[in-house]
Amino acid sequence: MKKLIIGNWKMHGRISDNNQLLRSLVDHKPFRRIEVAVAVPSVYVFQAEDLLANSDIRIAAQDVSRFSVDGAYTGENSAAMLNDLGVFYVLIGHSERRQYFGENNDILSEKYGAVVKEGLVPVLCVGETQAERNAGIAEQVISQQLEILSGYDSQTQVIVAYEPVWAIGSGNVATVEQITAMHTYIKNWVLQKMGSAVSIRVLYGGSVKEDNAVVILSNVNVDGALVGGASLKTSAFLSICEYAEKTEY
Ligand code: PGA
């Protein structure tokens, strides 16, 4: 399975900057061994769709409405709307959504369902806080967050992004041992609950940069990366993609 690199722009971007960044991605010679996507703010999905139209780079949404049927939900973007615009992946449950917008498993299950129903590909983000890791309950927390996948056992493709909250935007990257242990735990959890026919990819996220990408991406347990800060810098993001393209695994 190809490794997947998703750039998560979060709440960053302006039309002219986006133009430059997206054009550089399009101008780069096509990646053959990996998949690349950019999770742009919803207001810029249209622009990204336009610029990436003739490339293999896919568009991801950072969030989606929990409501799947059009209606009086001011400010919301439905999965059908994202589909209409050419979005392929949708991030579900990023820790910033959980932290600042009170998204719990009930809300996230609805979002996950809305995305699956529309035929888009959800990327379920999970991750423990430093306090939870210190307390020795990291696996318990991840297991509880993975419960969102229960009920989707007919799904053939599952993508989970493991992003320890303490590693996001902090410059503190999880160690190879920590990543290996948690990715293995997540894969086993999914295979056990959803059956061995499911294809599972576990991405790592949390301070992935040019200087640590090789180590992270050459880990056989890492099926790609969710890149925040470094995805806003064209050269850094392209370097990370190039490492993934070249890495032996
Ligand atoms: P970061 O963000 O790479 O800036 O740590 C990752 C993420 O939150 O997806």
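Tabulated data
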item	result
Answer from I142, I148 - the residue that is assigned to a helix (DSSP H, G or I), in contact with a helix residue (DSSP H, G or I) (Cβ under 6 Å, 6 or more places away or on another chain) and among the aliphatic types (A, V, I, L, M)	I148
Some residue of the stretch 88-101 being more than 20 Å from L226 (Cβ to Cβ), open to solvent by 10 Å² or more (accessible area, probe 1.4 Å) and not aliphatic (A, V, I, L, M)	no
Unique match (being of a type in the set (S, T, Y), within 14 Å of the ligand (Cβ to nearest atom) and in contact (Cβ under 8 Å) with a residue 40 or more places away in the chain) among S150, S207, S170, S199	S207
The lone exception for Y243 - which of (1) more than 14 Å from the ligand (Cβ to nearest atom); (2) surrounded by fewer than 16 Cβ atoms within 10 Å (Cβ to Cβ) it fails	(2)
Residue check, W166 open to solvent by less than 50 Å² (accessible area, probe 1.4 Å) and over 28 Å from V38 (Cβ atoms)	no
One residue from Q145, Q130 being surrounded by 15 or more Cβ atoms within 10 Å (Cβ to Cβ) and within 16 Å of the ligand (Cβ to nearest atom)	Q145
Count - residues of the stretch 68-99 that are in contact with a strand residue (DSSP E or B) (Cβ under 8 Å, 6 or more places away or on another chain) and assigned to a loop (DSSP other than H, G, I, E, B)	7
Qualifying residues in the stretch 1-26 (those that are part of a helix (DSSP H, G or I) and without any contact (Cβ under 8 Å) to a residue 24 or more places away in the chain) - the one surrounded by the most Cβ atoms within 10 Å (Cβ to Cβ)	D17
Members of the stretch 211-239 found to be within 10 Å of the ligand (Cβ to nearest atom), surrounded by 24 or more Cβ atoms within 10 Å (Cβ to Cβ) and either more than 16 Å from the chain's Cα centre (by Cα) or in a helix (DSSP H, G or I) (or both), listed by number	S231
Qualifying positions in the stretch 134-153 - touching a Gly at 6+ places or on another chain (Cβ under 9 Å) and under 18 Å from M194 (Cα atoms)	I142, Q145, I148, G151, Y152, D153
Some residue of the stretch 108-117 being assigned to a loop (DSSP other than H, G, I, E, B), modelled with pLDDT of 95 or more and open to solvent by less than 40 Å² (accessible area, probe 1.4 Å)	no
Number of the condition not met by S154 [criteria: (1) open to solvent by 60 Å² or more (accessible area, probe 1.4 Å); (2) assigned to a helix (DSSP H, G or I); (3) polar (S, T, N, Q)]	(2)
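The values are calculated or read from the model by the stated rules, or taken from the named source; none is laboratory data. Everything numeric here is computed off the predicted structure, so don't read it as measured data. So basically every Cβ, Gly included, is an ideal-geometry build from the backbone, and we count neighbours across all protein chains shown. When the accessible area is computed, the model is the full protein with side chains, heavy atoms only, and any ligands, DNA or RNA have been set aside. Shrake-Rupley method; radii C 1.70, N 1.55, O 1.52, S 1.80 Å.
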